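Bear in mind that the values in this text are calculations on the coordinates, not laboratory data. Because the structure is a prediction, the values reported are computed rather than measured. We place every Cβ from the backbone using ideal geometry, glycine too, and count neighbours over all the protein chains shown.
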Amino acid sequence: MAKTILIVDDSASMRQLVTFALRDAGYDVVAAVDGKDALGKLSGTKVDMVVTDLNMPNMDGITLIKQLRCGAGNKFTPVIMLTTESQEAKKQEGRLAGASGWLVKPFTPEKLIEVIKKFVK
């Protein structure tokens, strides 16, 4: 059975790009437009991994990770930040919140899949 990955990004084109790359690699994809939407979609849905942007309206990626980490259902779900932010302070903030990894945009689909395969077998 295919592994399911939740993509969270306020950019429709970025969600589409990531979705195509993941589906080509054999993953199922659930997409959300921001952290609040993501939490709603996770309600009752089991995902194997979350790939989230940092800067989004309503709820940003760091807040989303903190919310995931305090709930029992996704406490140990791997979460990758996929963002234009590359400052060490932001990465540290992400790690402290519970991010499993960090990938800076722009990225290649191959690099994205390589990172995901480190966490989702």
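Some observations on this one:
- Restraint check, 41/75; 46/105; 36/121, Cα-Cα greater than 24 Å: 46/105; 36/121
- For the chain, the calculated P(r) over all alpha carbon pairs, in 5 Å bins from 0 to the bin holding the longest distance, is 2, 12, 25, 27, 22, 10, 2, 0 percent.
- The modelled label-to-label distance for the pair residue 95/residue 69, using points 7 Å beyond Cα in the direction of Cβ, is 1.2 nm.
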